[in-house]
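The values are calculated or read from the model by the stated rules, or taken from the named source; none is laboratory data. These numbers come from a predicted model, not from an experiment. Every residue, glycine among them, receives a Cβ derived from its backbone with ideal geometry; neighbour counts consider all protein chains shown.
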Amino acid sequence: MMNNIYCKHYLLPNRSLLNNNDFKLFISNLKYPHYFDKDHICLNIKDSIHYKILSKELPFELYDKYITITNQPEHSVEKYKNLINNFNINKLESIKMQKFNDKYIIIDGCHRLAILSYLNNNNIEQYLSYIS
């Protein structure tokens with residue numbers, strides 16, 4: 001199932017984030033198939049910035065740059081580090097997903113699912129909820 005779970009990353013209007021060299025490099029090193037949806041790129045969860053930070057393939061600085069450029073004040077490096085360091089599977093809220101063709105798009109929970117995936121949790125399905 002993990003091969004069919006995707007996370008959307010905002011690329012700004014007209015996908016202008018792809019003009020940035022750091023993000024061009026990030027996109028050029030994707031391992032899984034991806035696709036574009038208007039001003040977003042849909043990436044397999046294991047290709048997401050969130051996951052690649054955990055696997056040490058990307059630095060937190062790129063995440064910080066991403067959330068700053070895309071104006072996501074609800075996110076921060078400090079909040080993500082706090083989530084990672086205090087991750088408690090017993091307190092995990094449901095990760096909301098929506099089916100799109102043969103793929104599942106995360107609506108809420110990219111950070112949490114990246115952590116679950118990184119920890120190789122075999123029972124991910126129990127933490128997912130599907131919305132229509």
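Each residue in the stretch 108-132 was checked for being in contact (Cβ under 8 Å) with a residue 40 or more places away in the chain and either surrounded by 12 or more Cβ atoms within 10 Å (Cβ to Cβ) or within 23 Å of LYS65 (Cβ to Cβ) (or both), and 8 of them qualify. Would you check if there is a residue in the stretch 61-78 being in contact (Cβ under 8 Å) with a residue 60 or more places away in the chain, of a type in the set (Gly, Ala, Ser) and part of a loop (DSSP other than H, G, I, E, B)? No, that holds for no residue. Scanning the stretch 20-49 for residues that are farther than 15 Å from TYR104 by Cβ, touching a residue at least 12 places away in the same chain (Cβ under 8 Å), in a helix (DSSP H, G or I) and not acidic (Asp, Glu) returns PHE23, PHE26, ILE27, ILE49.
For the condition part of a helix (DSSP H, G or I), in contact with a helix residue (DSSP H, G or I) (Cβ under 7 Å, 6 or more places away or on another chain) and either free of Cβ contacts under 8 Å to residues at least 60 places away in the same chain or under 25 Å from PRO13 (Cβ atoms) (or both), ILE84 qualifies. Just checking, does the stretch 44-58 include any residue being closer than 19 Å to SER16 by Cβ and among the hydroxyl-bearing types (Ser, Thr, Tyr)? No, because not a single residue in the stretch 44-58 is closer than 19 Å to SER16 by Cβ and among the hydroxyl-bearing types (Ser, Thr, Tyr). Just one of the numbered conditions (1) basic (Lys, Arg); (2) part of a helix (DSSP H, G or I); (3) out of contact with any Leu (no Cβ under 6 Å at 6 or more places or on another chain); (4) closer than 17 Å to HIS111 by Cβ is not true of LYS52: (3). When each of ILE107, ILE27, ILE67, ILE89 is tested for being β-branched (Val, Ile, Thr), under 14 Å from the mean Cα position of the chain (by Cα) and closer than 24 Å to ILE131 by Cα, the lone residue that passes is ILE107.
Note on the stretch 70-107: among residues that are charged (D, E, K, R), at pLDDT below 95 and surrounded by 12 or more Cβ atoms within 10 Å (Cβ to Cβ), the one that is nearest to CYS7 (Cα to Cα) is LYS103. The residues on offer are LYS91, LYS96, and the sole one that is in contact with a Gly (Cβ under 7 Å, 6 or more places away or on another chain) and not β-branched (Val, Ile, Thr) is LYS96. The single condition among (1) more than 20 Å from TYR130 (Cβ to Cβ); (2) touching a residue at least 40 places away in the same chain (Cβ under 8 Å); (3) exposed (fewer than 15 other Cβ atoms within 10 Å of the Cβ) that LEU54 does not meet is (3). Looking only at residues in the stretch 25-44 that are out of contact with any Lys or Arg (no Cβ under 8 Å at 6 or more places or on another chain) and surrounded by fewer than 12 Cβ atoms within 10 Å (Cβ to Cβ), the one that is farthest from GLN98 (Cα to Cα) is LEU25.
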